[in-house]
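For reference, the structure is listed below as structure tokens.
The values are calculated or read from the model by the stated rules, or taken from the named source; none is laboratory data. What you see is a predicted model; the values in this text were computed from it and never measured. Please note: Cβ atoms are built from the backbone with ideal geometry, for glycine as well, and neighbour counts cover all protein chains shown. Just so you know, the surface numbers come from the protein's heavy atoms only, side chains and all, with ligands and any DNA or RNA stripped out. Shrake-Rupley method; radii C 1.70, N 1.55, O 1.52, S 1.80 Å.
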Amino acid sequence: MRFQSKSICMRYIVCEKPGEFLLKEKENPKLQAGEAILKVKKVGICGTDLHAYSGNQAFFSYPRILGHELATEIVEIDDNIRNLKVGDNVVVMPYISCGKCIACRKGKTNCCNNIKVLGVHTDGGMQEQISVPIDLLIPANNLSDDQMAIVEPLAIGAHAIRRAQLTKGEFIVVIGCGPIGIGIMKLAQLGGVKVIAIDVNQKRLDYAKEKIEVDHIVMGGANAVAEIAAITNGDMATAVFDATGHKGALESGPDYMSHGGRYVLVGLSKGELVFIHPKIHAKETSILCSRNATLEDFEHVIAVLEQGKFLIESFITHNVGYHQMIANFDSWLDPANGVIKATVDF
Ligand SMILES: [Zn+2]
Ligand SMILES: [Zn+2]
């Protein structure tokens, strides 16, 4: 009889069904060709995870291990030409693209026809170890665990900025002071852009002003257009970003935009949007959607973080160990608790 080595078990958290997480155990992953086994150090919680838990994420199947904002370290790795080795800190780009479709052939892997996102379409990082294709790993040895865990949400913002091709000195409006909006604001500001933040929550606006140091804050609603006109000397913003995904906010975006401007839709709503055609036509509006991010965006964000230009304290507002996550998760859904970004230590 062959000797069978005792398998080693690890902990993981699975979203069994809407409203229910379970802490379970299973065998550690085994190394596969072309893959690396990663020790998960920290997981950032994002809107997608909150929606999946609340049961209002479209096309989502349960049970699912969530988590796609990952700070990890390589514990085992197949031979690779990228010089990645055991002990390296790596950020995971959680988008698995096919490499064959028209979008991939054009380098737009972020909107691949067959895209699968770790922690959404396949199991993600809420586990002590995860096996991931080496292609998805980006070395980040100079980053702390906190910094690694926020690369993905910031890369979403970096991609949106790249879609708009911002240049120094522009006035932009960013609607929504959540983690994605704040990422856009800070990254744009570091690029020499003047930022006007809009939100309907005064606390979040104050946060954007005090912690992110945006140039102007404007309360959403009836007076917003007049206030932005006053700030921009009547020009309005040459680029507007929606980072809310709310229909009303999304439809208001072109009102804040200058003639000849760009409107970038980052937040995703569920249904149709209505724009008055003569109004968007008169401004020759460029409407751009921004989805996920590419390697270039991740590398840009890692470089910004390496230079210490993005303060972690202004972004991660809540952190717990994985044993406490299930007990705390409901509280992160409540806007009154002021969560910008919650993270979980594994
Ligand atoms: Zn996310
Ligand atoms: Zn593809």
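Heavy-atom accessible surface of the range 1-122, averaged per residue, reaches 54 Å², computed with a 1.4 Å probe. Computed from Cα atoms, the angle from the helix 179-190 axis to the main principal axis of the chain rounds to 70 degrees. Note on the range 69-218: with charges restricted to the Cβ of Lys and Arg (+1) and Asp and Glu (-1), its dipole about the Cα centre is near 940 debye.
This model, with +1 at the C-beta of Lys and Arg and -1 at the C-beta of Asp and Glu, gives the range 1-158 a dipole about its Cα centre of some 440 debye. Figure legend: label point modelled 7 angstrom from the Cα of Glu296 along Cα→Cβ; residues of the range 73-114 with amide N under 17 Å from it are 103-112. Given +1 at the Cβ of Lys and Arg, -1 at the Cβ of Asp and Glu and no other charges, the dipole of the chain around its Cα centre is 720 debye to the nearest 20. Report the one residue of Tyr207, Met236, Ala224 whose Cα lies farthest in the direction of the positive end of the charge dipole of the range 195-236 (charges on C-beta: Lys and Arg +1, Asp and Glu -1; origin at the Cα centre). Value: Tyr207.
Between Tyr62 and Thr167, the C-beta separation translates, for a Förster distance of 45 Å, into a calculated FRET efficiency of about 0.50.
Between the listed residues Asn337, Ser314, Ser269, the Cα displaced farthest toward the positive end of the dipole of the range 253-346, a dipole computed from Cβ unit charges relative to the Cα centre, is found at Ser269. Between Pro278, Pro335, Pro179, the GNM of the chain built on Cα springs shorter than 10 angstrom shows Pro278 fluctuating the most. The share of accessible area on the chain that comes from carbon and sulfur is 51 percent, using a 1.4 angstrom probe. Filter the cross-link list Lys39/Lys341; Lys42/Lys116; Lys39/Lys100; Lys41/Lys309; Lys108/Lys270 down to pairs whose alpha-carbon distance in this structure exceeds 27 Å. Distance filter (> 27 Å) returns Lys39/Lys100. Within the listed set Gln147, Gln129, Gln324, the Gaussian network model of the chain (springs between alpha-carbon atoms below 10 Å) gives the highest mean-square fluctuation for Gln324.
In this structure, Glu313 and Arg82 have a Cβ-Cβ separation that, at R0 = 35 Å, corresponds to a calculated FRET efficiency of about 0.60. Directionally averaged projected area (the chain, Cα convex hull): 19.0 nm².
3J(HN,Hα) along the range 200-210: 9, 10, 4, 4, 5, 5, 4, 4, 4, 6, 7 Hz, from the Karplus curve 6.51 cos²θ - 1.76 cosθ + 1.60 with θ = phi - 60°, whole Hz, x for Gly and Pro.
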